[in-house]
Amino acid sequence: YLLSGDVKLVRAAVRERDQLLSQAPGLIDPLGFLFSHYKGRFPGPHLFGGLLWAYDLFSGSSNHHYYPAPEYLLLAPNIDQRRLKGGTSYLDAVVDDARLVLRTIREACEEEAFALNYVRVQELLFEKNRVIGVCVKDEIAGNETDLFARVVVNATGVWADQLHSSKYNGPHIRPLRGSHLVFPFWKLPVSQAVTLRHPADKRPVFVFPWEGATIVGTTDLDHGEPLNSEPRISFPEIEYLLDIVRYQFPSVELERSDILSTFAGVRPVIGGSKKRPSSEKRDHSIWEQDGMISVSGGKLTTFRLIAQDVLRVAAPLIPSVEERGTPDPPFNKRKGDELPPISLNHFLRRRLEGRYGSHVMHIMQTEMNEDLERIPGTNTLWAEVRWGAREEGIMHLDDLLLRRTRIGILLEKGGTGYLDRIRDICRQELGWDLKRWEAEAASYKKLWEECYSLP
């Protein structure tokens, strides 16, 4: 982002990152990054170090260091050594985006917000040419109802354009797909994230450890598929990502058959005049038309700043909204209850506290000791699967395995080898009978094969 001139976005993202690191350790964690410098390749260590000095300036601490080749290879032993000058280490962070969103929603509901799942906006409701509400449809039951509000905020991401009237002339969304490969950690072992520049287009690609696996990504392409369909990686994207790993880690000799799973998402980028998707600015935009406030773009981890900007625009329409000099922290502090004396190591306790906040006590106070075991090959506890089924609005099996937990992308074949135990949890917590379970299991397997496996 600094190389492309997005200084404002970087400054905001770094400061919000540091706030999140202090507020929710275990959900957002520091992660070391490595960047290799080769003779004749851009950027060299001096330019790259200069950019990181600006990065450190925003953070208020110095977190980068240059290592000559012999020392650098101790940090990245599998990296390509041909023409290697050395490498730079720097500090950033890693987050589980789904758990970040879920904790935000959960804590909002504790502050009297009301969240609806599997509800689609059918149309806007107008009075005197101003939006006064929405007609929504329950996608499970099929019922429709009208909801009214003094202010309607359209924060629907890549779907934002679909709610505008025919006379709309504001910003438009450019949906961009980012796809990833997941490898078993033992197949592509990295102790820190490795930043790569793809030889084909010079885009940054990252290889990083996450939840017991290794992730390679991301791509950045215009997404021309229907937005209501599950995004999936394409064959050219697989080859693109495999090419950079083979190029930078030649001794590992990765093949398509080594890929554990794939996943893709669609970014709501505000469209400009750039030909290359990667050249588009990534900061957020807010606009108002017919009394409806729309917001899109931006980085997920700057959600608090984006929300504050929306409230500033909405303030004239809601007199009770007061702008505060000091913004609230992103998450509520967990009450100082002592966690139950169970045999979980510090890492797992910290992880649970970060992901579940004040609800961690309920998760850990399970009557089933076997629920406090880790699911093999992951850092996820069986208790998290049970809690997700019981408390987190599960409507379908893919909700539980792909979005409340991530075992669907971390385990071979989407975790289908553990479906017997998952079936027992779903039948106990969700009341699914055998017929419903079989239908959900079949639907999940089909979705996984189509969108999370290899095309």
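The values are calculated or read from the model by the stated rules, or taken from the named source; none is laboratory data. Model, not experiment: these values are computed from the prediction. Counting neighbours? That spans all protein chains shown, and the Cβs are built from the backbone with ideal geometry, glycine included.
Which residue pairs have Cβ atoms closer than 6 Å, lie 6 or more positions apart in sequence or on different chains, and pair a first residue in the stretch 364-378 that is under 12 Å from LEU344 (Cβ atoms) and modelled with pLDDT under 90 with a second residue that is not in a strand (DSSP E or B) and not hydrophobic (A, V, I, L, M, F, W, C)?
Short answer, once both residue conditions are applied: MET364/PRO340.
Among the helices (runs of 4 or more DSSP H) contained in the stretch 6-115, which hold 1 or more residues that are over 19 Å from ASP328 (Cα atoms) and in contact with a helix residue (DSSP H, G or I) (Cβ under 7 Å, 6 or more places away or on another chain)? Before the answer, list the steps.
Numbers: elements: 7-23, 45-59, 69-75, 97-110.
Once the helices (runs of 4 or more DSSP H) in the stretch 6-115 are filtered for at least 1 residues that are over 19 Å from ASP328 (Cα atoms) and in contact with a helix residue (DSSP H, G or I) (Cβ under 7 Å, 6 or more places away or on another chain), what remains is 7-23, 45-59, 97-110.
Does LEU57 fit the bill of being surrounded by 13 or more Cβ atoms within 10 Å (Cβ to Cβ), modelled with pLDDT under 90 and either of a type in the set (D, E, K, R) or out of contact with any strand residue (DSSP E or B) (no Cβ under 9 Å at 6 or more places or on another chain) (or both)?
On the way: surrounded by 13 or more Cβ atoms within 10 Å (Cβ to Cβ): no; modelled with pLDDT under 90: yes; either of a type in the set (D, E, K, R) or out of contact with any strand residue (DSSP E or B) (no Cβ under 9 Å at 6 or more places or on another chain) (or both): yes.
Judged against the criteria, LEU57 is not a match.
For PHE235, are the conditions met, namely being surrounded by fewer than 17 Cβ atoms within 10 Å (Cβ to Cβ), of a type in the set (Phe, Trp, Tyr) and at pLDDT 90 or above?
It is true that PHE235 is surrounded by fewer than 17 Cβ atoms within 10 Å (Cβ to Cβ), of a type in the set (Phe, Trp, Tyr) and at pLDDT 90 or above.
Which residue out of GLY271, GLY265, GLY157, GLY178 is in contact with a strand residue (DSSP E or B) (Cβ under 7 Å, 6 or more places away or on another chain), at pLDDT below 95 and either on the phi < 0 side of the Ramachandran plot or exposed (fewer than 14 other Cβ atoms within 10 Å of the Cβ) (or both)?
Result of the check over GLY271, GLY265, GLY157, GLY178: GLY271.
Looking only at the stretch 123-149, count how many residues are under 20 Å from HIS164 (Cβ atoms), of a type outside the set (Asp, Glu) and surrounded by 11 or more Cβ atoms within 10 Å (Cβ to Cβ).
Applying the first criterion (under 20 Å from HIS164 (Cβ atoms)) to the stretch 123-149 yields 123-137, 146-149.
From what's left, of a type outside the set (Asp, Glu): 124-126, 128-137, 147-149.
Next, only the ones that are surrounded by 11 or more Cβ atoms within 10 Å (Cβ to Cβ) stay: 124-126, 130-137, 147, 149.
Count: 13.
Condition check ((1) free of Cβ contacts under 8 Å to residues at least 40 places away in the same chain; (2) over 19 Å from ARG304 (Cα atoms); (3) surrounded by fewer than 18 Cβ atoms within 10 Å (Cβ to Cβ)) across all residues:
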position: ARG11; (1), (2), (3): no, no, yes
position: VAL14; (1), (2), (3): no, no, no
position: PHE33; (1), (2), (3): no, yes, no
position: GLY40; (1), (2), (3): no, yes, yes
position: GLN81; (1), (2), (3): yes, yes, yes
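Are any residues in the stretch 271-313 of a type in the set (A, V, I, L, M) and within 28 Å of SER22 (Cβ to Cβ), and if so, which ones? Full working, then the answer.
Going through the stretch 271-313, the residues of a type in the set (A, V, I, L, M) turn out to be 286, 292-293, 295, 300, 305-307, 310-311, 313.
If the condition is that a residue be of a type in the set (A, V, I, L, M) and within 28 Å of SER22 (Cβ to Cβ), then ILE286, VAL295, LEU300, LEU305, ILE306, ALA307, VAL310, LEU311 are the ones that fit.
So, of the residues in the stretch 386-419 that are β-branched (Val, Ile, Thr) and farther than 17 Å from GLU370 by Cβ, which turns out to be surrounded by the most Cβ atoms within 10 Å (Cβ to Cβ)?
So the first thing to find is which residues in the stretch 386-419 are β-branched (Val, Ile, Thr), and the list is 394, 405, 407, 409, 416.
From what is left, the residues that are farther than 17 Å from GLU370 by Cβ are 394, 409, 416.
Working: ILE394: 21, ILE409: 23, THR416: 16.
By that ranking, first place goes to ILE409.
Looking for something part of a strand (DSSP E or B), surrounded by 15 or more Cβ atoms within 10 Å (Cβ to Cβ) and modelled with pLDDT of 95 or more - is there at least one such residue anywhere in the stretch 222-229?
Checked against the condition, which is being part of a strand (DSSP E or B), surrounded by 15 or more Cβ atoms within 10 Å (Cβ to Cβ) and modelled with pLDDT of 95 or more, the stretch 222-229 yields no hits at all.
VAL207 is checked against (1) out of contact with any Pro (no Cβ under 8 Å at 6 or more places or on another chain); (2) over 17 Å from LEU254 (Cβ atoms) and fails just one. What number does that condition carry?
(2)
Just to verify a result, which residue in the stretch 222-272, among those that are within 24 Å of the chain's Cα centre (by Cα) and of a type in the set (S, T, N, Q), is nearest to LYS413 (Cα to Cα)?
Filtering the stretch 222-272 for residues that are within 24 Å of the chain's Cα centre (by Cα) and of a type in the set (S, T, N, Q), the one nearest to LYS413 (Cα to Cα) comes out as SER261.
Take the residues in the stretch 278-302 that are aliphatic (A, V, I, L, M) and touching a residue at least 40 places away in the same chain (Cβ under 8 Å), then tell me which one is nearest to VAL10 (Cα to Cα). I'd like the intermediate steps shown before the answer.
Initial filter on the stretch 278-302 (aliphatic (A, V, I, L, M)): 286, 292-293, 295, 300.
Then keep just the ones that are touching a residue at least 40 places away in the same chain (Cβ under 8 Å); that gives 292-293, 295, 300.
Details: MET292: 29, ILE293: 25, VAL295: 19, LEU300: 13 Å.
The extreme case among them is LEU300.
Limited to the stretch 342-374, what total is found for residues that are among the small types (Gly, Ala, Ser) and not in a helix (DSSP H, G or I)?
Here is the first cut: in the stretch 342-374, the residues among the small types (Gly, Ala, Ser) are 343, 354, 357-358.
Subset that is not in a helix (DSSP H, G or I): 343.
Result for the stretch 342-374: 1.
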